[in-house]
Amino acid sequence: MADTADRVVGGLRTDGPTVLAAYGALVRSRVAAQASYRTSFVVDIAAQVLIGLVEFAEVYVVFTQVSDLGGFSFAEVSLIFGLATAAFGLADLVVGHVDRLPFYVRTGQLDAFLLRPLSALGQLVTSDFSLRRLGRVAFSLLVLVIALAAVDINWTPARVALLLSTPIAGAIIFSAVFVATSAVGFWLVDGTEFANAFTYGGNYLSSFPFTVFGSIVRRTFTFVIPVAFVAYLPALALLGRDDRMGMPAWLSWSAGPVALVAWLVALLVWRTGLRHYTGTGS
Amino acid sequence: MIVEVADLRREFVVRRRAGRLRRTRDVVAAVDGVTFSISPGECVGYIGANGAGKSTTIKMLTGILVPTSGTVRVCGLDPVLQRTALARQIGVVFGQRSQLWWDLPLRDSFRLLAAIHRLPASAAQPRLDECVALLEMEPFLDVPVRQLSLGQRMRGEVTAALLHSPELLVLDEPTIGLDLLSKERLRGFLVRERRERGTTVLLTTHDLPDIERLCERILVVDHGRVAFDGTLPALVARVGAERVLVVDLVEPGPALTDVPGTTLRLVEADGLRQHLAFRQEETTAAAVVAAVSARVELRDLAVTEPDIEDVVRRIYES
C-alpha cells in the first residue's frame, strides 16, 4: 500500500510530470488542433471581431438618440462595455465550452474523463480552448483603450491597479458563472440553454450602467450573479463617481474577493452536480 | 484480493408515462445483491444477457457510479471516494467511452495519456513501443483516430488502457464487431500481457472463444445476480451445453438416429444434411464423425459450439 500512497500524491512526485504538466499538454494539443485548420481559424477570429462590433453598435445607436444613459456619457458607457466584454471574452476563451456538459454526458465522454486520474472539471475545461474568441477580446481591449482616452480619470496608483486587475477578476467571476450554471446540465438534458441565459445574459447586462435597470434586476445581478462587479462597480471607482442607487463605494473595489466567493460557490454546485450524476447514472 | 464485491446492489428509478399527466415511478434493481472477489493474476469472464447488469457492475467497480448498497473495493481502494488514485492502477476499455482524441493522430493520443497518468518518458516509451510492436500499430500511428478502422481503433483503446501498466484491466466487449483475424490478434496480445506481467483481467463478452482462450473462471450474471461462478468446463457440465455436428452426405440417406451418444436434432433436404447434437462429456466429435462415416458417405461437416446466450439460458432451465 506504500505504493498506493505514493500514487495518491502523484501530483507532487518528482520522478514524473506533474498534474499541471498534464493539463498543459492537454491545452497545447487543443491549440495545435485548431491552428492546423488555418483558414477556418482566421475566419472564426474575424467573425468574433464582427460580433463585438455589432454589440458595440447597439450602444452607439442608443447614443444617437440620447445624450446620456442612466447618467453616463457615451465614453463612460464605452468604458463599462470594454471592461465587461474583455472579461467575458477571456472567460469564454478559457471555460466557455463547459456549457456543453449535456453533450459530454450524452456521448459518454464524461465517463471517459472519470476513468482518468484527473479532475472531471479540469478535463472538461481543458478539452477545448477556443482561440477564436481572442478576436472578441482584442476588440474589447480596443474599445477600452479608446474609451480610457476619452473619459476624464484622475489617475492614482490604486486606480491603475484597479484598471489592470478588473478584467482578470471579471473573467474569474464570469468563469464561475459558466461553471455553476453549466453544472445544471447534470440535471437537465437541455442544460446548455439554461446556462446561456445566465452567461450570455450576464454579459449583456454587465456591459450597461446598472442605473438603467430596475431594483430587482440590479440586486440579482449584484448579489446573486455578481456581474455588477465585472465592469459597472469598478468603473464607478475609476471615474470617481458614487452609485446613484446608494451602493457603498467600497463595493467598487471588491471584485477580487467576490471572484473568490463566486468560485467557491461554483465548485460546490459542480461537486453536487457530479455527485448527482454518479449517484443516478445516465 | 484485487476486487472485492459484497452484496452489491444498484437501483435505478424508471419514470414512465401513465395516462395524460400521470407518471409512474418504478424502482428497478440492475444489480441485485452481487458478491464475488478476484485474486491478483486471475482472468475472469463476466457474462450474461443484455441488461443483466454487467455494465452497471463495471461502472461501480471503476467509480463512475455509486452503489445503492453493498461494498466495493478495487486494488484496496473505494472506487468513488478514491477515483483518481484508482484510475492510476486500473485500465478500462469501456464501450462507447473512448480514451482517444478523435482529431489527433494515435501517437499524440498516447502521448497525452502518458502525461495524464504522469508517466516519466523513461517508463512510457518502452511500454508504448512494446504495444505498438505486438499489436502491429506502426502503419497507422500517425493517422487521426477518426480515420481508423474499428479493429485499429480497438487496438489503440487497449494500448491506451495498458500504457500505465495497470494491475487490473477491465474490458467491456473488447472483440465485438471485429473480424476473426483482429479478434485473434487481440486475444493473443492479452494472453501474452497476462503471462508477462501477471495483469488481472475482467472482461465481459458475448463471444465464447474469448472465454475459452482467455478466462479460467466465469461469472454468469442474470437479472442482477450471480447465477454461476466457476470454470468453463464446469459450466458446460452443469448446463449440459450441446455441441452440434452438421453433416452433409453425398446422397440422401436414412435418418441417423442410432449414432451412440448423439441426438438427431434436424434432417434437411431429405436426409442430405443432418444435425446431430452431442454432449462433450459423453462422446467426442471424432467418435461421432467415425460412427457417422461408418454408416453413410460424408461430403462435408461442421461443428457448432454452444453460444453464451444458450449457456446462460440453460442455467435457469436446469
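The values are calculated or read from the model by the stated rules, or taken from the named source; none is laboratory data. Just so you know, these numbers come straight off a predicted model, no measurement behind them. When we count neighbours, we look across all protein chains shown, and the Cβ atoms used for this are built from the backbone with ideal geometry, even at glycine.
Just to confirm my filter: which strands (runs of 3 or more DSSP E) fall fully inside segment B:34-97 and include at least 3 residues that are surrounded by fewer than 18 Cβ atoms within 10 Å (Cβ to Cβ) and within 7 Å of another protein chain (Cβ to nearest Cβ)?
Hits in segment B:34-97: none.
So which residues in segment A:1-35 are modelled with pLDDT under 75, among the polar types (S, T, N, Q) and not in a helix (DSSP H, G or I), if there are any at all?
A:Thr14
Sort out which residues of segment B:200-216 are modelled with pLDDT of 95 or more and either in contact with a Gly (Cβ under 8 Å, 6 or more places away or on another chain) or assigned to a loop (DSSP other than H, G, I, E, B) (or both), and write them in order of number.
Scanning segment B:200-216 gives a single hit, B:Thr200.
Assuming B:Ala121 fulfils every condition listed in (1) more than 22 Å from A:Ala25 (Cα to Cα); (2) at the interface with another protein chain (Cβ under 10 Å from one of its Cβ atoms); (3) surrounded by fewer than 23 Cβ atoms within 10 Å (Cβ to Cβ); (4) among the small types (Gly, Ala, Ser) apart from one, which condition is it?
(1)
Looking at A:Gly202, A:Gly273, which is the one that is part of a helix (DSSP H, G or I) and closer than 30 Å to B:Thr57 by Cα?
Only one candidate qualifies: A:Gly273.
Among the listed residues B:Arg73, B:Arg83, B:Arg88, B:Arg16, identify the single one that is over 26 Å from B:Glu193 (Cα atoms) and either assigned by TED's automatic domain parsing to the domain that holds B:Ile218 or modelled with pLDDT of 95 or more (or both).
Unique residue meeting the criteria: B:Arg16.
May I ask you to list the residues in segment B:10-33 that are among the small types (Gly, Ala, Ser) and assigned to a strand (DSSP E or B)?
B:Ala29, B:Ala30, B:Gly33, listed by residue number.
Could you please let me know if B:Asp270 is among the acidic types (Asp, Glu), within 18 Å of the chain's Cα centre (by Cα) and either outside the structural domain of B:Cys75 (by TED's automatic domain parsing) or in a helix (DSSP H, G or I) (or both)?
no
Do we have any residue at all in segment A:33-45 that's in contact with a Gly (Cβ under 9 Å, 6 or more places away or on another chain) and among the aromatic types (Phe, Trp, Tyr)?
Checked against the condition, which is being in contact with a Gly (Cβ under 9 Å, 6 or more places away or on another chain) and among the aromatic types (Phe, Trp, Tyr), segment A:33-45 yields no hits at all.
Would you please name the residue that is surrounded by the fewest Cβ atoms within 10 Å (Cβ to Cβ), looking only at residues in segment B:145-188 that are of a type in the set (Gly, Ala, Ser) and touching a residue at least 24 places away in the same chain (Cβ under 8 Å)?
The residue in question is B:Gly177.
Quick check on this structure: which one of B:Asp129, B:Asp142, B:Asp108 is of a type outside the set (Phe, Trp, Tyr), surrounded by fewer than 20 Cβ atoms within 10 Å (Cβ to Cβ) and in a helix (DSSP H, G or I)?
Going through B:Asp129, B:Asp142, B:Asp108 in turn, the sole match is B:Asp129.
Among the residues of segment B:76-107, which ones are in contact with a Cys (Cβ under 8 Å, 6 or more places away or on another chain) and of a type in the set (S, T, N, Q)?
Within segment B:76-107, B:Gln89 is the sole residue that qualifies.
If you take the residues of segment B:145-174 that are of a type outside the set (D, E, K, R) and in a strand (DSSP E or B), which of them is farthest from B:Ala52 (Cα to Cα)?
B:Leu168
Looking at B:Ala285, B:Ala255, which is the one that is loosely packed, with under 13 Cβ neighbours inside 10 Å and at pLDDT below 85?
None of the other options fit; the residue is B:Ala255.
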